[in-house]
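Let me begin by presenting the structure, written as structure tokens, before commenting on it.
Nothing in this text is a laboratory measurement; each read-out follows from the coordinates by a stated rule. Model, not experiment: these values are computed from the prediction. Backbone-built Cβ (ideal geometry, glycine too); neighbour counts: all protein chains shown.
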Amino acid sequence: MVQLRPRASRAPSSAEAMVDEGQPASEEEEAEHGLLLGQPSSGAAAEPLEEDEEGDDEFDDEAPEELTFASAQAEAREEERRVRETVRRDKTLLKEKRKRREELFIEQKKRKLLPDTILEKLTTASQTNVKKSPGKVKEVNLQKKNEDREKGNDSKKVKVQKVQSVSQNKSYLAVRLKDQDLRDSRQQAAQAFIHNSLYGPGTNRTTVSKFLSLANKRLPVKKAAVQFLNNAWGIQKKQNAKRFKRRWMVRKMKTKK
Amino acid sequence: MGEFKVHRVRFFNYVPSGIRCVAYNNQSNRLAVSRTDGTVEVYNLSANYFQEKFFPGHESRATEALCWAEGQRLFSAGLNGEIMEYDLQALNIKYAVDAFGGPIWSMAASPSGSQLLVGCEDGSVKLFQITPDKIQFERNFDRQKSRILSLSWHPSGTHIAAGSIDYISVFDVKSGSAVHKMIVDRQYMGVSKRKCIVWGVAFLSDGTVISVDSAGKVQFWDSATGTLVNSHLIANADVQSIAVAEQEDSFVVGTAEGTVFHFQLVPVTSNSSEKQWVRTKPFQHHTHDVRTVAHSPTALISGGTDTHLVIRPLMEKVEVKNYDAALRKITFPHRRLISCSKKRQLLLFQFAHHLELWRLGSTVATGKNGDTLPLSKNADHLLHLKTKGPENIICSCISPCGSWIAYSTVSRFFLYRLNYEHDNISLKRVSKMPPFLRSALQILFSEDSTKLFVASNQGALHIVQLSGGSFKHLHAFQPQSGTVEAMCLLAVSSDGNWLAASGTSAGVHVYNVKQLKLHCTVPAYNFPVTAMAIAPNTNNLVIAHSDQQVFEYSIPDKQYTDWSRTVQKQGFHHLWLQRDTPITHISFHPKRPMHILLHDAYMFCIIDKSLPLPNDRTLLYNPFPPTNESDVVRRRTAHAFKISKIYKPLLFMDLLDERTLVAVERPLDDIIAQLPPPIKKKKFGT
């Protein structure tokens, strides 16, 4: 076990020491303390600082200033008002900042989305589609649901990827990215299933060259395998060697000159 | 014929994508094939197995199921969760409906053709009603625990069998509830750790459900009681596909080892009425997984990861035993993927998502016939141009002068201008393409590279004037009468006056470019056009069809030429008509107007119109005439068709100048070397 150095505890003991010194506090400070009840910790922290200053003044052997209660009260009220005003100003500043930020975000989002005309066309087109085929065409149902969900999710991030029109132009279509990701992952899972069942572990597969070389092995005059050389061996080594050779040649040329 | 130096090009790294689904349509004898990159091709089996339409693929589209519905409507469903209908007239996708069940694994059309059943990732089976212009969701069946990987309707339309992981469910269509749940045994090579995936189910009219699963078993279940009747262990690997004939007396299964098995309903003894299912024929035409099979009335069709489409006619079903009953293996594309700029000796290769531009190498050596000359300058890979977006490239072209490259995807058209300084090349894209140029089926530049001809899939033909770095739309020829078909081919004459366009059922139209009007129409022929070209001086249009007929039509005279009439009267040599692969390119010699150079995947031929035509008794494939034979013998055996099979498989062959040919080969081994891993085979002695 590591022996921990006894750490000097911070506020309580020093506050006690300061409080002892700060007994002859003026009325002003008491009034301040009374008003600053909402911030007790700052009061406790503020105490030692103020006490230090007071401590310096004390060495001058002067009598403390005399103030009337009314003036002290007025001053205290002024202080309070100033404090309140600064707080209010800060709050309004923050609010304005926040508002500006929100507007900026909305503008950026608007810039990202398609122009209103095209969105209108899409929504009207889907609605007319629904009107045209009253039967249970599942595709159109989902398209409408999609539109509703899209409109509802406008505040969240709805990205429009490839566009291919539903209207007469027939050049773009709006697709939800989330659906596309799901579809891609399912397609990949399906392809992985097929690959595993046909070429995965447990299947008895061999390379094409070995397969074609079987006939060569049984000939009366045995021939070599179909792919006798493995050109894919040591590609990195060969590339490094080529590069080194080129550089060596260049160096040789330079030294010769 | 003359002496030529031949550039043998083998650096076109063409790898087709594997076949994922196949659907056979009985009424029109057409086969729809979908590949792993999303391309859907339609083959016309009665037009000599020619690929007459195709829909380009898309990166996000992984088709898992393909089916025909009534009225020749083609639907596909894939892992992106959408059901797509293809418009076979306009060659685009009509619409895509999301099924909201996650990735779709299987799809089946009802026997009446008016309903569509879809099996999804979340275990739900959804029923859709096919309306005249769209499909409408009807209802969901009971949701199952795991993904529905295969579906099959009972021929009466009352019950459905759905295969999933480790079990098969039988549903009642009216109520939508699962009637039976049959558990499939997991045992695989003695180990039962891996889940048993039921890759295919088939429902017969007597209530038997046939299932094929990943443990290598073919099992027969009784759907009335929900019990296993019979089980055959046929492979050490997965059995991945099953297809039943219409008469329900035979079915075919495909395994992951590349073997296709034929099962037939045979009487137990020769005169008993009791029948049983017996495995009759194994076929090993594939090296990799056979992921899909189909059963037409006379043939077994299979396709898989090794990219071949194999059509095996059944001998007992074929009436006339002629060359039609032979095995057909479709490996190489039926259209041209390479264009050539003769002036600068450049080749443009079209891949699914990028284009490559190469400059041919050169040699200064000379040699005798048959020598291989060493290259003094290697071929240069000048440009690798990737397309933006997930769509596949439909067509591409480079201008003869080499300064323009144009290519088109379904939604956009790209035009680039190339600048050459010394050995460097710089590319600049021409922006702001007009919207009518999207989705071009064929692009062609005129000989002087000032005009661009674009055939769009709406049937319109656009002429664009190119000058400097900009373009100007000159004229658009509207579609003529007759339905628009795919495989629109264009040919332009070398003087720039005439433009020929095939692609409608009314025949080949010839337009006058200078006066911007229709000049004449070559009479329609019932087989599709596979290649077309206009001869330089005589302006004769040479057309090759998918049944290996070659016609020559004189454009100024507006009638077939005399040579063409004599050929038609005599008929082609029977070996010529029995060739498997269509002619994909025709070109001409600038100084020899009597020569036509054409090629298909396994031969190239120079037709000399001045020599006599061969009749059925002469040898068609003339070996190289030995020089020590007498002149008389040589003259007797000489005929118009000079065929060479030295360079094969050929993807492209053209005449660069008077003494040079370029032949782009694609050896099959190079394609196979880049395919996914196959199942291991244990052979004795290795």
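Between B:Ser205 and B:Ser431, what is the label-to-label distance in nm when each label sits 7 Å out along the Cα-to-Cβ direction?
6.5
For the range B:272-335, which trypsin sites (Lys or Arg not before Pro) are in a loop by DSSP, counting at most 12 other Cβ atoms within 10 Å?
Hits after loop and neighbour filter: B:Lys321.
Taking the radius of gyration and the Kirkwood hydrodynamic radius from Cα positions alone, what is the Rg/Rh ratio for chain B, to two decimal places? Before the final figure, lay out the partial values.
On the way: Rg = 27.3 Å, Rh = 27.4 Å.
Ratio value, two decimals: 1.00.
Kindly provide log₁₀ I(q)/I(0) values, in the same order as q = 0.11 Å⁻¹, from the Debye equation applied to equal alpha-carbon scatterers of the range B:320-427.
-0.50
Distance in nm between label sites at B:Phe684 and B:Lys569, each 7 Å beyond Cα in the beta-carbon direction?
6.4
If you plug each phi of the range B:167-182 into the Karplus form 6.51 cos²θ - 1.76 cosθ + 1.60 with θ = phi - 60°, what whole-Hz ³J(HN,Hα) values come out, in order, with x for Gly and Pro?
Coupling constants for the range B:167-182: 8, 10, 10, 10, 10, 9, 5, 5, 8, x, 9, 7, 8, 10, 10, 9 Hz.
With a 10 Å Cβ neighbour count serving as the proxy for reagent exposure, in which order, fewest first, do B:Ile183, B:Ile242, B:Ile234 appear?
By the 10 Å Cβ count, ascending: B:Ile183, B:Ile234, B:Ile242.
So what J values fall out for the range B:672-681 if you push phi through Karplus, 6.51 cos²θ - 1.76 cosθ + 1.60 with θ = phi - 60°, rounded to Hz, Gly and Pro as x?
Here the 3J(HN,Hα) series is 5, 5, 10, 8, x, x, x, 6, 6, 10 Hz.
Given H placed on each backbone N at 1.01 Å, which residues far from B:Arg20 in sequence or on other chains put an amide H within less than 5 Å of it?
Under 5 Å from the amide H of B:Arg20: B:Ser34, B:Arg35, B:Thr36.
Hey, could you pull the Cα Rg and Dmax for the range B:312-378, both in Å?
For the range B:312-378, the Cα-based Rg and Dmax read 21.1, 59 Å.
So what's the net charge close to B:Asn539: Lys and Arg +1, Asp and Glu -1, counting the other residues with Cβ under 14 Å from its Cβ?
Its environment carries a net charge of -2.
In a shell of Cβ-Cβ distance under 11 Å around B:Phe54, excluding B:Phe54 itself, what net charge do Lys and Arg (+1) and Asp and Glu (-1) give?
Result for the neighbourhood of B:Phe54: +1.
Taking every pair of distinct Cα atoms and averaging 1/r, then inverting, what Kirkwood hydrodynamic radius in Å comes out for the range A:72-113?
On the way: mean 1/r = 0.0800 Å⁻¹.
In the range A:72-113 this quantity evaluates to 12.5 Å.
Around B:Phe413, with a cut-off of 13 angstrom between Cβ atoms, what is the net charge of the other residues, counting Lys and Arg +1 and Asp and Glu -1?
Around B:Phe413, the charge tally is +4.
Hey, can you grab everything whose amide H is under 5 Å from the amide H of A:Arg176? Only 5+ residues off in sequence or another chain; H modelled, so Pro and N-termini drop out.
Here nothing satisfies the definition.
From the gyration tensor of the Cα coordinates in the protein assembly as shown, what semi-axes in whole Å does the equivalent ellipsoid have, largest first, with each one equal to sqrt(5λ)?
Whole-Å semi-axes of the equivalent ellipsoid: 70, 41, 32.
When the Karplus curve 6.51 cos²θ - 1.76 cosθ + 1.60 is applied with θ = phi - 60°, which whole-Hz ³J(HN,Hα) does each residue of the range A:245-257 get, with x for Gly and Pro?
So the J values, rounded to whole Hz, are 4, 4, 5, 4, 4, 4, 4, 4, 4, 5, 5, 4, 4.
Quick check on the range B:240-330: what are the equivalent-ellipsoid semi-axes from the Cα gyration tensor, as sqrt(5λ), descending, whole Å?
The three semi-axes for the range B:240-330 are 24, 17, 10 Å.
Given H placed on each backbone N at 1.01 Å, which residues far from B:Arg291 in sequence or on other chains put an amide H within less than 5 Å of it?
Residues meeting the amide H criterion: B:Gly303, B:Gly304, B:Thr305.
Enter the mean number of other protein chain beta carbons within 10 Å of the beta carbon of each residue in A:192-198, as an integer.
5
What relative contact order, as a whole-number percentage, does chain B give when Cα pairs under 8 Å and 6 or more residues apart are counted?
On the way: 1726 pairs, mean separation 57.3, N = 686.
Relative contact order here is 8 percent.
Taking the Cα-to-Cβ direction at B:Asn322 and at B:Lys591 and moving 7 Å from each Cα, how far apart do the two end points lie in nm?
Here the answer is 4.3 nm between the modelled labels.
Taking every pair of alpha-carbon atoms in the range B:418-550, give the share separated by more than 27 Å as a whole percent.
Of all Cα-Cα pairs in the range B:418-550, 23 percent lie more than 27 Å apart.
Using helices alone, what [θ] at 222 nm do you get for the protein assembly as shown, with -39,500 (n - 2.57) per DSSP H run of 4 or more residues, divided over all residues and rounded to the nearest 500?
Result for the protein assembly as shown, helices only: -7000 deg cm²/dmol.
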